[in-house]
Amino acid sequence: MTEWWRDAVFYEIYVRSFADSNGDGVGDLAGITARLEYVRDLGVDAIWLTPVYPSPQRDFGYDVTDHCDVDPRYGSLADFDALTARAHELGLRVILDYVPNHTSDVHPWFTEHPDRYLWHDGPPPNNWVSVFGGPAWEQVGERSYYHAYLREQPDLDWRNPEVREAMYDVLRFWLERGVDGFRVDALRQLLKDPQLRDNPPNPDFAPGMPEYDSLLPLHTTDLDELQEIVAELRAVIGDRLFIAEVYVEIERLMRYYAGGAQMPFNFHLLSTPWEAEAIGDLIERYEAALPDGAWPNWVLGNHDRPRIASRVGAAQARVAAMLLLTLRGTPTLYYGDEIGMTDVPVQRSDPDGRDPERTPMQWTRDGGFTTGEPWLPYGDLTINVEDDPHSMLALHRRLLALRRGFAEEGYRTLHAADGVLAYARGEHTAVALNLTGEPRPLPVGGELLLSTHLDGGARGLRADEGVVLRI
Ligand code: NOJ
């Protein structure tokens, strides 16, 4: 099996918001195809497309009504084939979002094959809570069905062999169409406790946290038996890439490698305080936990979490980009982060309040995403690809080119001043990141290869500066 994904950089495209080719205000596949040269020139290797399937869009495509087609808002299967062909011509791989845990409640299966879903005979049997809040059971007459997410997203019953076969056929359908791999959605949710036991209270729950966090999802997620399914998925996916969406502790995350996922998404940077010590500890813990042969990966943003530039501010977002693109492991970059897009305060459509991080790609000072009315408003349009006034895009391009020189090298923490995160990559490269707004000494001497300020550097680290050095 070729391991092309080890040295690769992934770019997540939120399909609704990347590029609109027909002026209806919603992004589409032809729009993406027309922008693939931009993606190639950025210097990434693979695109991950959020769900393209027909869907009533209650959860923007994560509520599927047909796993083997394309939503007409986004185009057709022919548009998908054209996108894949063009991507491959440009040397880009294509990763599809695969949504196995649930379907839309208007998927024909829900009425024609209700036995493919998780039903309980009677009213809700336990205290299980939906990820989006409220009870995870919906009573219909005498019976109740389980939904980990919206009530319009009933969970499939993965203990039913017919479900497994039907869902494996979906993978085969797209493999034949030439996709290079899958990002498997909500993988940890696939199996639930057959005894339907209550989830225990979360001792760390505090007011203000989402209701879902009031319980520990012990009986609803990450069950031991799930690894059998992971192995089956691995077998069907064969020589292509299996990325797993699993929000679990580092130690438990490692089991997904054993089961056969090559990239169990490492989301821990998203929830670690933006402090040198905390991030340094995280890297050490993650590196130490990796089983033999497992390859690390890092995620700094996605369509479910606030954008990095809003979380840490514009100055530190540059340092964050250097972190993501110089750590050991495959990075996944969220569209728009390469120009420093920020969250846009808007609450129009998403049931979980995630509109702010999903706004249209800012191509030009007029927007450039659509000729019509964008489905969500643009953010600050002084931030755009065409002008790149803050050279954020230039910084990303430089980093993406530079990392090729040390992508496979080992990681070693370097001793540094308070507030500075420093590490070596192999024998000849060092990275020093000043996570503070004050100057700091450089932890090592060396020749400057790149500063986040994109200039010749200074004697020490300036406020909010990161550097890559040849040592
Ligand atoms: C994770 C996806 O990233 C998120 O956007 C979605 O709402 C849930 N899974 C449910 O499919």
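Name every residue in region 107-137 that is away from the ligand (no atom under 16 Å from the Cβ) and assigned to a strand (DSSP E or B), in order of residue number.
Matches in region 107-137: Trp119, His120, Asp121, Pro135, Trp137.
Somewhere in region 428-435, is a residue without any contact (Cβ under 8 Å) to a residue 40 or more places away in the chain and open to solvent by 20 Å² or more (accessible area, probe 1.4 Å)? Please lay out each step first, then the result.
To start, the set of residues in region 428-435 that are without any contact (Cβ under 8 Å) to a residue 40 or more places away in the chain comprises 432.
Now restrict to residues that are open to solvent by 20 Å² or more (accessible area, probe 1.4 Å): none.
The answer is no; no qualifying residue exists.
Which ones in region 74-90 are outside any helix (DSSP H, G or I) and surrounded by 14 or more Cβ atoms within 10 Å (Cβ to Cβ)?
Tyr74, Gly75, Ser76 - these are the residues of region 74-90 that are outside any helix (DSSP H, G or I) and surrounded by 14 or more Cβ atoms within 10 Å (Cβ to Cβ).
Table: residues versus (1) outside any helix (DSSP H, G or I); (2) hydroxyl-bearing (Ser, Thr, Tyr); (3) surrounded by fewer than 16 Cβ atoms within 10 Å (Cβ to Cβ).
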position: Val246; (1), (2), (3): yes, no, no
position: Glu251; (1), (2), (3): no, no, yes
position: Tyr256; (1), (2), (3): no, yes, no
position: Asn266; (1), (2), (3): yes, no, no
position: Pro291; (1), (2), (3): yes, no, yes
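What number goes with the only condition from (1) open to solvent by 50 Å² or more (accessible area, probe 1.4 Å); (2) over 21 Å from the mean Cα position of the chain (by Cα) that Arg93 does not pass?
(2)
Residue-by-condition table, conditions (1) open to solvent by 10 Å² or more (accessible area, probe 1.4 Å); (2) part of a strand (DSSP E or B); (3) acidic (Asp, Glu):
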position	(1), (2), (3)
Asp304	yes, no, yes
Arg311	yes, no, no
Arg318	yes, no, no
Met322	no, no, no
Pro331	no, yes, no
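Just to be sure I understand, how many residues within region 188-227 are outside any loop (DSSP other than H, G, I, E, B) and touching a residue at least 24 places away in the same chain (Cβ under 8 Å)? Let's see the steps before the verdict.
In the first step, residues of region 188-227 are kept if they are outside any loop (DSSP other than H, G, I, E, B); the result is 188-189, 201, 211-215, 226-227.
Those left that are additionally touching a residue at least 24 places away in the same chain (Cβ under 8 Å): 188-189, 211-212, 214-215, 226-227.
Count: 8.
Go through region 285-306 and count every residue that is of a type in the set (D, E, K, R) and within 16 Å of the ligand (Cβ to nearest atom).
Of region 285-306, the ones of a type in the set (D, E, K, R) are 285, 287, 292, 304-305.
When the remaining residues are screened for being within 16 Å of the ligand (Cβ to nearest atom), the result is 304-305.
Matching residues across region 285-306 total 2.
Return the only residue of Thr371, Thr326 being surrounded by fewer than 23 Cβ atoms within 10 Å (Cβ to Cβ) and more than 16 Å from the ligand (Cβ to nearest atom).
Thr371
Filter region 369-395 down to residues that are in contact with a helix residue (DSSP H, G or I) (Cβ under 7 Å, 6 or more places away or on another chain), of a type in the set (Val, Ile, Thr) and in contact (Cβ under 8 Å) with a residue 60 or more places away in the chain, then give me how many there are.
Final tally of qualifying residues: 1.
Can Asp185 be described as within 16 Å of the ligand (Cβ to nearest atom), within 19 Å of Ala244 (Cα to Cα), in contact (Cβ under 8 Å) with a residue 40 or more places away in the chain and of a type in the set (D, E, K, R)? Steps first, answer last, please.
Values: within 16 Å of the ligand (Cβ to nearest atom): yes; within 19 Å of Ala244 (Cα to Cα): yes; in contact (Cβ under 8 Å) with a residue 40 or more places away in the chain: yes; of a type in the set (D, E, K, R): yes.
Considered against the rule, which asks whether it is within 16 Å of the ligand (Cβ to nearest atom), within 19 Å of Ala244 (Cα to Cα), in contact (Cβ under 8 Å) with a residue 40 or more places away in the chain and of a type in the set (D, E, K, R), Asp185 comes out as yes.
So Gln139 clears everything in (1) out of contact with any strand residue (DSSP E or B) (no Cβ under 7 Å at 6 or more places or on another chain); (2) farther than 22 Å from Glu211 by Cβ except one condition, right? Which one?
The number of the failed condition is (2).
How many residues does region 299-329 hold that are among the polar types (S, T, N, Q) and touching a Phe, Trp or Tyr at 6+ places or on another chain (Cβ under 6 Å)?
Qualifying residue count for the region: 1.
Among residues belonging to region 24-80 that are among the polar types (S, T, N, Q) and over 21 Å from Asp169 (Cα atoms), point out the one that is farthest from the ligand (Cβ to nearest atom).
Ranking the candidates gives Thr33 first.
Pairs only if they're at least six apart or on different chains, beta carbon under 8 angstrom, first in region 58-75 and without any contact (Cβ under 8 Å) to a residue 40 or more places away in the chain, second away from the ligand (no atom under 16 Å from the Cβ) and among the acidic types (Asp, Glu); list them, first residue then second.
Listed by first residue and then by second, the contacts come to nothing, as the list is empty.
The values are calculated or read from the model by the stated rules, or taken from the named source; none is laboratory data. Bear in mind that the values here come from a model prediction, so they are computed numbers and not experimental data. Note that each Cβ is placed from the backbone with ideal geometry, even for glycine, and that neighbours are counted across all protein chains shown. Please note that ligands, DNA and RNA were not included when accessible areas were found on the heavy atoms of the full protein model with its side chains. Shrake-Rupley method; radii C 1.70, N 1.55, O 1.52, S 1.80 Å.
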